[in-house]
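Below: the structure, in C-alpha cells.
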Amino acid sequence: MDITFQFSDCLSRNGAHRLEPFIFDISAIDKFLQEAYQINSRITELTIYLRTIRSSYLTLQPHRTRNKRNVLADSTSSFAPVDKTQPLTDAQRTHIDAQTRQVLTTISTAIKQLSEAARASSDLDSSLSQQKRHKEGLGLLGRWAAGGGIKEKSPAELEEEAASETIRMHRDGVLWFLQRRLEAAGEMQRSMVEIRVNREVERSRSVLYKARGTSAMGMIDGLGQGGSNNLGGEQAWKGSSTMSGMDIEQDQQQRDMLESMLSPEQVQMFEKEQQDMLKHYSDELNKIRTAESSLMEISSLQSELAQNLEMQSENISQLVADSFNTAENVQQGNQQLKKAAERGSTAQMVFYATCGLCTFLTLWDLIF
C-alpha cells in the first residue's frame, strides 16, 4: 500500500516540506552511466524490433502486396520499416540479417569501449591516490614517525580504497548486465535464423518431391500417347526408374529407348521441366547457404559475447572477494591505530631521548 500522499500531508501539517516526486534526469549522473543507459536503450530497441518481425520473418509464404498502412515504421527507429502483417521477401530477410549483425557488432564494440574507459578511470584514481599518499605530510618518514608502519595504510585511505572498489564493482555489474542483454538479443536473432534455415530445407525437400512426382506423371502420360508402344514403353520406364543394381550401360540403353519413344516436343518439355527444377533447386540452395552464412556469423558473435560475459563474471567475483578483504583491512587498520596510540612508538622514544640529550648538553655548556 502506497502511503506517500498521506505522509506528505502529515509533513505539511507539522510545518515540514512535502515530499517532492522524484524526477529522473540522465544529465545529472556521471558519464559512465549515461553511456550505459544509451547502450541499454539500443539493446531494448533491437529486442523489440526482433520480437515484432519474428512472425513475418519466419513465414515462408509468398509475399503479397497490401496497403502500406500496415507497415511498421517508427521515426525514431534506426531499423528499416517492415510490414508485420505479411511475410517478408528473401531480400528483406537478408537485409534484416545484415543489419542485425551490424547493430550487434556496434553495440558490442560500444560495451568494450565503455569497459576500457572504466578500467582506465579506475587505474587513474588508484595512481592519484598512491601519489597523494606519498606526498602527504613527510611521506613514509612522517608515517613512521607517527607510529605507523611504512607500508600500512591509514583508515581514511582504506575507506577511500573501499569506496573505489565499490564503484568499480558497480560498474562491472553494469557492464555484465549490458553484455547479458546483448547476448540474449543475439540468441534471439540466432534462433530466428536457425528456424528459417530449417524451414527452407524442409520446403526445398517438399518442392523437389512434388516436382519429381509431377515429372513422373507427365512422362507416363506422354508414353501413353505413344500408340502401339505404350505398354512396352511404360514397362521399360518403370523398370529403369526402380532398378537399383543395373550397370551404367544398361541404364543408358533404357534412357535411349525412352527418348526414342517420345516425340521431340515431349523431350523438350521434359528437359524444360528438368531445367526449371534444377534452377529452383539452385535458388533454394543459395537461399539456404545465405541463411547458413548469417547463422555462422551470428553464432560467432554469440560465442564472443558469451566469452566476454564469462570474463566479466569472473571479474565481478574477484571484486566481491577484494571488497571483503578491504573491509577486513579497514577493521585491522582501526585496531592497529588504537594499539599504536596506546603504546609509545620507536620514533617518539628517539625524539624524547634526543630532546633530553640536547637539554643536558645545553645545561652542561652553560654551567661549565
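The values are calculated or read from the model by the stated rules, or taken from the named source; none is laboratory data. Keep in mind that what you see is a predicted model, and the values were worked out from it rather than measured. Don't worry about glycine lacking a Cβ; one is built from the backbone with ideal geometry, like all the others, and counts go over all protein chains shown.
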Checklist entry - Which of the residues spanning the stretch 98-143 are among the charged types (D, E, K, R) and at pLDDT below 85? => result ASP123, ASP125, LYS132, ARG133, LYS135, GLU136, ARG143
Checklist entry - Is it the case that the stretch 35-54 has a residue that's assigned to a loop (DSSP other than H, G, I, E, B), under 24 Å from GLU202 (Cβ atoms) and modelled with pLDDT of 80 or more? => result no
Next on the checklist: Can you tell me which residue is farthest from LEU182 (Cα to Cα) among those in the stretch 79-105 that are in contact (Cβ under 8 Å) with a residue 60 or more places away in the chain and touching a Lys or Arg at 6+ places or on another chain (Cβ under 8 Å)?
Outcome noted: ASP90
Checklist entry - What about GLN61, is it at pLDDT 85 or above and surrounded by fewer than 17 Cβ atoms within 10 Å (Cβ to Cβ)? => result no
Checklist entry - Is it true that GLU314 is modelled with pLDDT of 70 or more, over 30 Å from GLU194 (Cβ atoms) and surrounded by fewer than 13 Cβ atoms within 10 Å (Cβ to Cβ)? => result no
Checklist entry - Would you call LEU33 in contact with a Ser or Thr (Cβ under 7 Å, 6 or more places away or on another chain) and surrounded by 10 or more Cβ atoms within 10 Å (Cβ to Cβ)? => result no
Checklist entry - Given GLN348, GLN268, which one is at pLDDT 70 or above, of a type in the set (S, T, N, Q), loosely packed, with under 14 Cβ neighbours inside 10 Å and out of contact with any strand residue (DSSP E or B) (no Cβ under 6 Å at 6 or more places or on another chain)? => result GLN268
Next on the checklist: Could you go through the stretch 83-91 and let me know if any residue there is under 26 Å from the mean Cα position of the chain (by Cα), of a type outside the set (D, E, K, R) and either more than 28 Å from VAL174 (Cβ to Cβ) or at pLDDT 85 or above (or both).
Outcome noted: yes
